[in-house]
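Colleague: Got a structure for you, written out below as structure tokens; questions coming shortly.
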Amino acid sequence: MIRSSSSLPAAADKPAVFISPDPLDIAALLKEAHHPGAGGLVLFSGEVRDNNRGRAVAHLEYEAHEALASQLIEEILKAAIEKWGLQIAVACHRTGKVAIGETAVVVITASAHRSEAYAANKYIIDRIKHEAPIWKCEYYIDGSHEWGNNCNCQAITGDLTKHIYDA
Amino acid sequence: MKIHVYAALKEHFDPEFELKETVHNTDELKACLQEINADAAELLKSCRFAVEEGFIDNAYKLKDNDTVVIIPPSSGG
């Protein structure tokens with residue numbers, strides 16, 4: 001969790017965790033994300049669904065370059081705090097095997113008013129999914145697996161570092 | 001030079017291996033890896049590179065003792 005400079009001091013004691021091999025405890029994250037200066041809080045939970053492109057999915061496995069991914073997520077959260085004046089910005093992504101219905105990634109944003117919290121939340125999840133070195137392997141019911149459904153913005157923007165939401 | 005690959009690239013290369021050839025930048029590294037395994041050529045075109053926990057571009061001068069991380073496109077969606 002990252003709090004803005006107007007934050008509550010207690011949270012500063014806890015090191016932020018951006019990548020987790022363990023199940024994400026959304027209730028616990030939400031409990032810590034309230035702020036007296038925030039009138040709007042948005043929580044996004046990216047969850048594993050049981051199908052993709054017509055194929056029955058058994059589960060997903062996520063792999064990450066933990067150091068690079070953590071560094072990038074922290075940068076993204078700080079950018080969002082600055083851009084929208086957030087009181088709270090939280091993001092954590094799972095690694096390892098994630099079952100159907102489980103949370104793969106959570107983003108929480110809190111700000112004085114809801115519009116900033118919504119916009120910042122979308123900004124954060126878009127950038128994490130397209131830029132952070134985190135990869136998804138889909139395991140299907142038929143026993144096969146496939147790395148894929150990855151960011152292909154380069155085909156549209158012509159630049160590895162430019163994504164569709166940059167336009 | 002040590003090379004670490006992730007995700008779909010592991011279908012084409014060992015997760016970690018030593019590259020004996022000398023390459024000076026990421027374009028040369030990409031070309032070298034494409035020669036080793038032509039099946040990876042398309043994927044390598046969309047990969048990013050990092051050393052010492054930081055992303056690099058083709059202007060970075062690679063050294064023989066670098067450990068280069070090759071980053072396929074992120075999960076997207």
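The values are calculated or read from the model by the stated rules, or taken from the named source; none is laboratory data. All values derive from a computational prediction rather than experimental measurement. All Cβ positions, glycine included, derive from the backbone under ideal geometry; neighbour counts span all protein chains shown.
Colleague: Report yes if residue A:81 is in a helix (DSSP H, G or I), within 10 Å of the chain's Cα centre (by Cα) and of a type outside the set (Phe, Trp, Tyr), otherwise no. Walk me through how you get there before you give the answer.
Modeller: Numbers: in a helix (DSSP H, G or I): yes; within 10 Å of the chain's Cα centre (by Cα): no; of a type outside the set (Phe, Trp, Tyr): yes.
No; evaluated as a whole, the condition is false for this residue.
Colleague: Please list, ordered by residue number, the strands (runs of 3 or more DSSP E) wholly in segment B:1-70 having 1 or more residues that are away from chain A (no Cβ under 13 Å) and surrounded by 19 or more Cβ atoms within 10 Å (Cβ to Cβ).
Modeller: Values: elements: B:2-5, B:16-18, B:48-51, B:54-56.
In segment B:1-70, the matching strands (runs of 3 or more DSSP E) lie at B:2-5.
Colleague: If residue A:141 satisfies all but one of (1) in contact with a strand residue (DSSP E or B) (Cβ under 6 Å, 6 or more places away or on another chain); (2) without any contact (Cβ under 8 Å) to a residue 12 or more places away in the chain, what's the number of the condition it fails?
Modeller: Evaluating residue A:141 over (1) in contact with a strand residue (DSSP E or B) (Cβ under 6 Å, 6 or more places away or on another chain); (2) without any contact (Cβ under 8 Å) to a residue 12 or more places away in the chain leaves (2) as the failure.
Colleague: Pairs needed: first member in segment B:15-43, within 15 Å of residue B:4 (Cα to Cα); second member anywhere, among the basic types (Lys, Arg); C-beta distance under 8 Å; at least 6 residues apart or different chains.
Modeller: Qualifying pairs under 8 Å: B:16/B:2; B:17/B:2; B:18/B:2; B:19/B:2; B:30/B:45.
Colleague: Now for a separate question. Looking only at segment A:21-59, count how many residues are assigned to a strand (DSSP E or B) and either of a type in the set (Lys, Arg) or over 22 Å from residue A:122 (Cβ atoms) (or both).
Modeller: Final tally of qualifying residues: 6.
Colleague: What's the number of the condition residue A:142 fails, among (1) over 27 Å from residue B:48 (Cβ atoms); (2) outside any loop (DSSP other than H, G, I, E, B)?
Modeller: It is condition (2) that residue A:142 fails.
Colleague: What do you reckon, is residue A:100 of a type in the set (A, V, I, L, M), touching a residue at least 60 places away in the same chain (Cβ under 8 Å), more than 27 Å from residue B:5 (Cβ to Cβ) and more than 10 Å from chain B (Cβ to nearest Cβ)?
Modeller: When the stated conditions are applied, residue A:100 does not pass them.
Colleague: Say we look at segment A:131-150 and pick out the residues that are within 14 Å of chain B (Cβ to nearest Cβ) and of a type in the set (Asp, Glu); which of these is surrounded by the most Cβ atoms within 10 Å (Cβ to Cβ)?
Modeller: Going through the qualifying residues, I end up with A:131.
Colleague: What's the number of the condition residue A:125 fails, among (1) under 29 Å from residue B:5 (Cα atoms); (2) not in a helix (DSSP H, G or I); (3) not basic (Lys, Arg)?
Modeller: (2)
Colleague: Sticking with this one: Quick one: which residue in A:119, A:91 is surrounded by fewer than 19 Cβ atoms within 10 Å (Cβ to Cβ), of a type in the set (Gly, Ala, Ser) and on the phi < 0 side of the Ramachandran plot? Can you show your working first?
Modeller: Working: A:91 fails: surrounded by fewer than 19 Cβ atoms within 10 Å (Cβ to Cβ).
Unique residue meeting the criteria: A:119.
Colleague: Now a separate question. Only one of A:124, A:128 is farther than 22 Å from residue B:11 by Cβ, within 11 Å of chain B (Cβ to nearest Cβ) and either surrounded by 23 or more Cβ atoms within 10 Å (Cβ to Cβ) or in contact with a Ser or Thr (Cβ under 9 Å, 6 or more places away or on another chain) (or both); which? Talk me through it step by step, then tell me what you get.
Modeller: Numbers: A:124 fails: within 11 Å of chain B (Cβ to nearest Cβ).
It is A:128.
Colleague: Okay, next question. Could you please find all residues in segment A:60-71 being among the small types (Gly, Ala, Ser) and not in a strand (DSSP E or B)?
Modeller: Across segment A:60-71, the qualifying residues are A:67, A:69, A:70.
Colleague: May I ask you to verify whether residue A:75 is surrounded by fewer than 16 Cβ atoms within 10 Å (Cβ to Cβ) and more than 12 Å from every other protein chain (Cβ to nearest Cβ)?
Modeller: no
Colleague: Here are the criteria: (1) modelled with pLDDT of 95 or more; (2) buried (at least 17 other Cβ atoms within 10 Å of the Cβ); (3) touching a Ser or Thr at 6+ places or on another chain (Cβ under 7 Å). Tell me which single one residue A:111 does not satisfy.
Modeller: Only one criterion is unmet by residue A:111, namely (3).
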